[in-house]
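S.K.: Before we start, here is the structure in question, set down as structure tokens.
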Amino acid sequence: MGSVSLKIGDGTARFKRATLCSSAVNILMLFSVITTNLFALYAFTFSPKQHLDNPFHHPHRNISLISQHVSLIIKEIDSSQRKLAQMEKELLGYDTLDLSRPNLATELKLFLQHHQLPLGKDSRTGITEMVASVGHSCEKSADLLSQYMSYKVSGPCPDDWSLAQKLILKGCEPLPRRRCFAKTVPKPGLTSLPVSLWKPVSDKIVTWSGLGCKNFNCLNSKKLSKDCVGCFNLTNGYETQKYVKARSKNDFVMDDVLALGSGGIRIGFDIGGGSGTFAARMAERNVTVITNTLNVDAPHSEFIAARGLFPLFLSLDHRFPFYDNVFDLVHATSGLDVEGKPEKLEFLMFDLDRILRAGGLFWLDNFYCSDDEKKRALTRLIERFGYKKLKWVVGEKTDAAGSGKPQVYLSAVLQKPVRI
């Protein structure tokens, strides 16, 4: 009773049940077991009064009576199991994607169908069929998902990247594949590394559909986030000084951090990397960095790619598609601050810990602490991992948007321990 298995998209997904839900289901199951045993006791001990003098007078009738009671017991068990299954689905909020529902796109039904292996069971993996991979929360956005999968096969895909991102932000991730051709955007003027790292990106080589701004000058005049104010300006402004010149005690110089790495820093992962400047500075130092980003209010992915860097279009709710202990460094800014319950941040931190190798560095860069409680909660969470604190600075600095109000930020460089 500790977990529930659901058949969803890419196979069986297991979810730990909350404590309250476990108690409720356990009580119901206990009640069902007691009721079943009482039925059984009654069925096998009951005898009509008229047969007390001669219990063998009508043996066939007794057997028939017992059979009836056994049938009732079986029906009661089946009913209890169905009720439990329904309760589990309602308590967890997850259900399977019903392919029989009306107005569901034909392409979506075709993609989600199970396909039997032509030669039967595979001897190495044990699988007998190929199952499509689609996020379990897609059930909650079935209408949007059906809209996303409505297109002409082998024709041009609709210009609906914003719809795809909306589905991702609703937890419908990964999205199903499509059999259409994505819109192409000519990209003249791209240059090779290292020139591409700091060459201004043309407005004409990115997609602006679904965005409020239609050029980079517009974006540079806005505060897109605490970590991206004028971050698309590669010719002047603070973006050209990031990680090489500190403006406050919370700003760590990149070379100083790299010097702390044991065994060398070769590959890294950047969360919420804005326009890719962290990866660009690392590339200058022969370190390969993958930048996790979404196109929220700006064409982040295309901009990063135009600089010759690697953007990963993925939400922070998705398990990182990397093997364990592979990165030498993980860098995160205020983009690490996921909203919702504290457990959501815990899941994210444990996944970051999973992909970071022993001895690797976790660089928390200017994490915005909206209040003391958030700072304490994050500190307690970090201390649970047993990281060695190589740098730890809590300080105030003025809001980058120029409001003049001092705000509290936490910056730290932590080293992952060897766990046995």
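The values are calculated or read from the model by the stated rules, or taken from the named source; none is laboratory data. Every value quoted in this text rests on a predicted model; they were computed, and no experiment measured them. Here the Cβ is made from the backbone with ideal geometry for all residues, glycine too, and neighbour counts use every protein chain on show. Heads up: the accessible areas ignore ligands, DNA and RNA and are worked out on the full protein's heavy atoms, side chains in. Shrake-Rupley method; radii C 1.70, N 1.55, O 1.52, S 1.80 Å.
S.K.: When you check Lys341 against the structure, is it more than 25 Å from Gly261 (Cα to Cα) and loosely packed, with under 15 Cβ neighbours inside 10 Å, yes or no? Full working, then the answer.
M.R.: Working: more than 25 Å from Gly261 (Cα to Cα): yes; loosely packed, with under 15 Cβ neighbours inside 10 Å: yes.
Criteria met by Lys341.
S.K.: Please find, within region 154-178, the residue that is nearest to Phe111 (Cα to Cα) out of those that are more than 25 Å from the chain's Cα centre (by Cα) and open to solvent by 60 Å² or more (accessible area, probe 1.4 Å).
M.R.: Ser154
S.K.: How many of the residues making up region 256-286 are surrounded by fewer than 24 Cβ atoms within 10 Å (Cβ to Cβ), farther than 18 Å from Leu364 by Cβ and touching a residue at least 24 places away in the same chain (Cβ under 8 Å)?
M.R.: Number of matching residues: 8.
S.K.: Looking at Gly212, Gly230, which one is of a type in the set (Gly, Ala, Ser), under 29 Å from the mean Cα position of the chain (by Cα) and over 26 Å from Cys369 (Cα atoms)?
M.R.: Details: Gly230 fails: over 26 Å from Cys369 (Cα atoms).
The conditions single out Gly212.
S.K.: Those residues that are polar (S, T, N, Q), outside any helix (DSSP H, G or I) and free of Cβ contacts under 8 Å to residues at least 60 places away in the same chain, I need them from region 295-333; list them, please.
M.R.: Asn325
S.K.: Here's a follow-up. Take Gln50 and tell me if it is at pLDDT 75 or above, over 26 Å from the mean Cα position of the chain (by Cα) and not assigned by the TED database to the domain that holds Glu173.
M.R.: Criteria not met by Gln50.
S.K.: Residue under question is Ile290, and the condition is that it be of a type outside the set (D, E, K, R) and open to solvent by 50 Å² or more (accessible area, probe 1.4 Å); does it hold?
M.R.: no
S.K.: While we're here: So, Val418, is that one open to solvent by less than 30 Å² (accessible area, probe 1.4 Å) and touching a residue at least 40 places away in the same chain (Cβ under 8 Å) or not?
M.R.: no
S.K.: Here's a follow-up. Among the charged types (D, E, K, R) and free of Cβ contacts under 8 Å to residues at least 12 places away in the same chain - does that describe any residue in region 348-362? If you could, list the steps in order and put the result at the bottom.
M.R.: Within region 348-362, the subset among the charged types (D, E, K, R) is 351, 353-354, 357.
Narrowing further to those that are free of Cβ contacts under 8 Å to residues at least 12 places away in the same chain: none.
There is no residue in region 348-362 that is among the charged types (D, E, K, R) and free of Cβ contacts under 8 Å to residues at least 12 places away in the same chain.
S.K.: Then there's this: Take Ala377 and decide whether it is assigned by the TED database to the domain that holds Ser315 and modelled with pLDDT of 90 or more. Lay out the reasoning, then the answer.
M.R.: Working: assigned by the TED database to the domain that holds Ser315: yes; modelled with pLDDT of 90 or more: no.
When the stated conditions are applied, Ala377 does not pass them.
S.K.: Is it true that Thr293 is touching a His at 6+ places or on another chain (Cβ under 8 Å) and of a type in the set (S, T, N, Q)?
M.R.: yes
S.K.: Select from region 370-393 the residues that are over 24 Å from Ile420 (Cα atoms) and touching a residue at least 60 places away in the same chain (Cβ under 8 Å) and list them in ascending order.
M.R.: Answer for region 370-393, where residues must be over 24 Å from Ile420 (Cα atoms) and touching a residue at least 60 places away in the same chain (Cβ under 8 Å): Lys391, Val393.
S.K.: Here's a check for you: in region 363-398, which residue that is aliphatic (A, V, I, L, M) and in a strand (DSSP E or B) is farthest from Ser411 (Cα to Cα)? Spell out how you get there, then give the answer.
M.R.: We begin by selecting, within region 363-398, every residue aliphatic (A, V, I, L, M); these are 364, 377-378, 381-382, 390, 393-394.
Remaining after also requiring in a strand (DSSP E or B): 364, 390, 393-394.
Values: Leu364: 5, Leu390: 11, Val393: 5, Val394: 6 Å.
The selected residue is Leu390.
S.K.: Sticking with this structure for a sec: In region 186-200, how many residues are among the β-branched types (Val, Ile, Thr) and surrounded by 12 or more Cβ atoms within 10 Å (Cβ to Cβ)?
M.R.: Residues that pass the stated criteria total 1.
S.K.: How many residues does region 215-252 hold that are among the aliphatic types (A, V, I, L, M) and open to solvent by less than 40 Å² (accessible area, probe 1.4 Å)?
M.R.: Selection size over region 215-252: 2.
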